[in-house]
1. Give the residues of segment 158-177 that are among the small types (Gly, Ala, Ser) and either over 21 Å from MET127 (Cα atoms) or in a helix (DSSP H, G or I) (or both), sorted by residue number.
2. Run ARG109 past the list (1) outside the structural domain of ARG291 (by TED's automatic domain parsing); (2) over 18 Å from the mean Cα position of the chain (by Cα); (3) basic (Lys, Arg); (4) assigned to a helix (DSSP H, G or I) and report the number of the one that doesn't hold.
3. Tell me, which residue of segment 302-325 that is surrounded by 16 or more Cβ atoms within 10 Å (Cβ to Cβ) and over 18 Å from LEU150 (Cα atoms) is modelled with the highest pLDDT?
4. Please state which one of ARG126, ARG177, ARG170 is within 14 Å of GLN246 (Cα to Cα), touching a residue at least 60 places away in the same chain (Cβ under 8 Å) and surrounded by fewer than 18 Cβ atoms within 10 Å (Cβ to Cβ).
5. Quick one: in segment 180-204, of everything that is charged (D, E, K, R) and surrounded by 22 or more Cβ atoms within 10 Å (Cβ to Cβ), which residue is farthest from GLY234 (Cα to Cα)?
6. Going by the conditions given, is ASP154 acidic (Asp, Glu), surrounded by fewer than 18 Cβ atoms within 10 Å (Cβ to Cβ) and either assigned by TED's automatic domain parsing to the domain that holds ILE103 or modelled with pLDDT under 90 (or both)?
7. Hey, could you check segment 221-246 for residues that are crowded, with 17+ Cβ neighbours inside 10 Å and among the aliphatic types (A, V, I, L, M) and say which is nearest to ASP194 (Cα to Cα)?
8. Checking LEU316 against (1) outside the structural domain of ALA183 (by TED's automatic domain parsing); (2) under 18 Å from THR168 (Cβ atoms); (3) not small (Gly, Ala, Ser): exactly one of these is not met. Which one?
Amino acid sequence: MGERLYEVIYRSLAMQIARGDLPPGLVLLEGAIAEAFQVSRAPVKTALRLLFKDGVVQRFDGRGYMLPGGGGPLRMTLKAAGLRASTDGVEEALPPRAGWERIYLDAEREIGAAIAFGRFRVLEARMASHYGVSRTVVRDVLSRMHERRLIEKDARSHWVAGPLTAGTLRDYYQIRRILEPAALVLAAPRLDADVLGTMRARVVAISAGHVAAQADTMLAIDEDLHIKCVQRNGNFRLTEMIQDSQTVLIANHTFLRYLGVPEELPELEEHRVIFDLLLQGNPDAAAAALRAHLDRSLDRALSRLKVLSVIPMPDLPGFLAPTEP
């Protein structure tokens with residue numbers, strides 16, 4: 001009989017702590033660990049209790065867990081801290097996901113990156129071969145992308161994606177500017193102060209140079225605010241509309257991936273201000289700051305798209321074939 005889920009989580013955390021992969025004083029929140037391992041909180045709670053019993057972690061404020069050492073509780077996201085949820089066979093021990101879920105995020109990133117370079121036909125058979133799955137799984141993935149309007153069907157019923165143009169960017173940001181601030185006001189009462197503090201700490205850590213500013217790191221920063229905060233508004237229909245307009249988050253990741261992360265990152269300070277206002281209990285001011293942030297983000301995205309248009313097209317997966325608009 002294989003390991004139980006809490007044993008897998010216990011072993012993974014204990015190994016990473018013993019190796020020094022995680023910083024001293026790091027706060028270990030049940031919800032954040034559960035999200036990282038894609039499990040419920042129950043096995044995480046058991047694993048943390050056993051780690052405390054064995055002296056691997058310690059309590060603070062009588063309610064949470066943190067790593068020993070450091071100058072006090074260090075609140076930052078586990079991804080930024082370096083947690084690896086799939087280390088040492090953990091991924092294999094987790095409950096299996098549906099076939100389409102295993103490849104969706106990677107496929108979305110690849111297609112989302114490609115559309116900044118033009119229009120592409122998505123070839124089902126090659127995509128199935130690329131990911132080692134059936135064409136049925138690929139069709140499930142593409143159908144979900146179609147629902148999110150990342151791809152569409154042309155007159156011959158071929159799947160096509162792109163191009164991402166300046167006009168498209170302006171349209172998406174106009175929608176986001178209307179919807180996201182209103183959604184943030186609705187979400188504010190549902191946001192946990194500890195989680196907000198962790199998100200803010202990630203921003204500060206990057207601003208101070210304690211964590212490297214990379215394309216993936218900046219994407220995580222965007223996800224903290226625009227997905228984990230904004231989309232927790234309690235209105236399913238509103239969230240669907242926002243998700244449809246957030247394809248540009250992938251595009252921004254593409255800009256940073258191929259152009260490099262600039263030395264100046266004003267968006268970090270913009271995010272910090274929004275988190276500060278939320279933590280101060282002022283959601284209306286946070287919404288206004290978010291609206292201003294989106295205006296500035298559009299200007300940055302347009303500038304980056306212009307630069308991206310003059311660099312050579314990078315190597316893209318074989319299932320994407322350039323085509324004329």
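1. First, the residues of segment 158-177 that are among the small types (Gly, Ala, Ser): 161-162, 166-167.
Within segment 158-177, ALA166, GLY167 qualify.
2. With (1) outside the structural domain of ARG291 (by TED's automatic domain parsing); (2) over 18 Å from the mean Cα position of the chain (by Cα); (3) basic (Lys, Arg); (4) assigned to a helix (DSSP H, G or I) applied to ARG109, the lone miss is (2).
3. It comes out as ARG304.
4. Numbers: ARG126 fails: within 14 Å of GLN246 (Cα to Cα); ARG177 fails: surrounded by fewer than 18 Cβ atoms within 10 Å (Cβ to Cβ).
Answer to the check: ARG170.
5. From segment 180-204, those charged (D, E, K, R) are 180, 190, 192, 194, 200, 202; that's our starting set.
Cutting the leftovers down to surrounded by 22 or more Cβ atoms within 10 Å (Cβ to Cβ) gives us 180, 202.
Details: GLU180: 13, ARG202: 25 Å.
Checking each candidate, the answer is ARG202.
6. Values: acidic (Asp, Glu): yes; surrounded by fewer than 18 Cβ atoms within 10 Å (Cβ to Cβ): yes; either assigned by TED's automatic domain parsing to the domain that holds ILE103 or modelled with pLDDT under 90 (or both): yes.
Spelling it out, ASP154 is indeed acidic (Asp, Glu), surrounded by fewer than 18 Cβ atoms within 10 Å (Cβ to Cβ) and either assigned by TED's automatic domain parsing to the domain that holds ILE103 or modelled with pLDDT under 90 (or both).
7. LEU225
8. LEU316 satisfies all of (1) outside the structural domain of ALA183 (by TED's automatic domain parsing); (2) under 18 Å from THR168 (Cβ atoms); (3) not small (Gly, Ala, Ser) except (2).
The values are calculated or read from the model by the stated rules, or taken from the named source; none is laboratory data. Note that this is a predicted model, so its numbers are computed, not measured. Here Cβ is always computed from backbone atoms with ideal geometry, including for glycine, and neighbour counts include all displayed protein chains.
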